[in-house]
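Below is one structure, written out as structure tokens, with a few remarks after it.
The values are calculated or read from the model by the stated rules, or taken from the named source; none is laboratory data. Only a predicted model underlies this, so the values are computations on that prediction, with no experimental measurement involved. For neighbour counting, all protein chains shown are included, and Cβ atoms are generated from backbone atoms with ideal geometry for every residue, glycine included. Side chains included, ligands, DNA and RNA excluded: accessible areas come from the protein's heavy atoms. Shrake-Rupley method; radii C 1.70, N 1.55, O 1.52, S 1.80 Å.
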Amino acid sequence: VPDLVKEDFTVLDNGAPRDITLFSNETQPITVVVMLDMSGSMFSRFVRLRTSTISLVDALQPRDRAQIGTFGEEIAISPHLTGDKQLLKRVLNTELWPNGATPIWNALDQAMTALSSESGRRVVMTITDGRELCNYRHCVKAGAVERRAVREGFMLYAIGMDGTGLDEEIMSIAEETGGGHFALPEGADLTSTFVRVTEELRRQYLIGFSPAMLDGKLHRVEVLVGRTGMKVRARRNDLAGRS
């Protein structure tokens, strides 16, 4: 819905309405780490996943930046956060090797670390065909990923390819951070889902407000729209005093 104005929105901070001090519906650049499931079960979907991710790279706009990561037997994230499409495609064509388990939470934690020094809206997108299966010495838990994403202001998107389906916890974290989740039936077009997500990221509204108290605590945030038939997807918590 691209034509809403500032007056259509209400922001509640811990249940109390707050004045909107910043509003924009201009197209926003994307800063994203794309984490690809390279567990052994992805072997039969490997070519489809790589081809579709290349299509995502082709859809990047000049101001967008992306970083490619994989998780399976090991977690690897390219050091390049870039809009250079040829470099991103080279990573996809030479550095994907399906094997191992599915350490989703460790992968998401490392993806947030990769973007920790970046400012602005930071997105972690994961594509997987299964649920968490970690055989590392240290396995990050879902709760730790959620707490970090909320406190540090990351947005999570999860795309579930045909398989066991997305874990309920990853769907909950996506919703809590203002992101989204998509489940693809067998044979569904992953490329069109990538295009949908990238367009959604670019067309988001930017809304700013000042909390009643800069107490350094998590505040429950609710964003309402005054038009009927619409569902808002926005971050549900914010750290009052976040820089």
| message | Whether any residue in region 193-203 is of a type outside the set (Val, Ile, Thr), over 14 Å from the mean Cα position of the chain (by Cα) and under 28 Å from Asn25 (Cα atoms) is what I want to check. | response | yes
| Across region 19-40, what is the total count of residues that are assigned to a strand (DSSP E or B), hydrophobic (A, V, I, L, M, F, W, C) and buried (at least 22 other Cβ atoms within 10 Å of the Cβ)? | 5
| request: Pull up region 2-18, narrow it to residues that are among the hydrophobic types (A, V, I, L, M, F, W, C) and in a loop (DSSP other than H, G, I, E, B), then point me to the one that is surrounded by the fewest Cβ atoms within 10 Å (Cβ to Cβ). | output: Val5
| Among the residues of region 173-185, is there at least one that is in a helix (DSSP H, G or I), open to solvent by 10 Å² or more (accessible area, probe 1.4 Å) and aliphatic (A, V, I, L, M)? | no
| message | I'd like the residue in region 47-62 that is over 11 Å from Val195 (Cα atoms) and out of contact with any Leu (no Cβ under 7 Å at 6 or more places or on another chain) and, out of all such residues, is modelled with the lowest pLDDT. | response | Val47
| If you go through region 196-229 one residue at a time, how many are within 28 Å of Leu60 (Cα to Cα) and either aromatic (Phe, Trp, Tyr) or open to solvent by 70 Å² or more (accessible area, probe 1.4 Å) (or both)? | 5
| message | I need the full set of residues from region 121-153 which are in a helix (DSSP H, G or I), open to solvent by 20 Å² or more (accessible area, probe 1.4 Å) and in contact (Cβ under 8 Å) with a residue 40 or more places away in the chain, in order please. | response | Arg151, Glu152
| said: I'm told Pro211 meets every condition in (1) assigned to a loop (DSSP other than H, G, I, E, B); (2) under 22 Å from Val32 (Cβ atoms) except one. Can you identify the failing condition by its number? | reply: (2)
| message | Within region 68-89, take every residue that is among the charged types (D, E, K, R) and open to solvent by 70 Å² or more (accessible area, probe 1.4 Å) and give me the one that is farthest from the chain's Cα centre (by Cα). | response | Glu73
| request: With respect to Ala158, determine if the residue is small (Gly, Ala, Ser) and assigned to a helix (DSSP H, G or I). | output: no
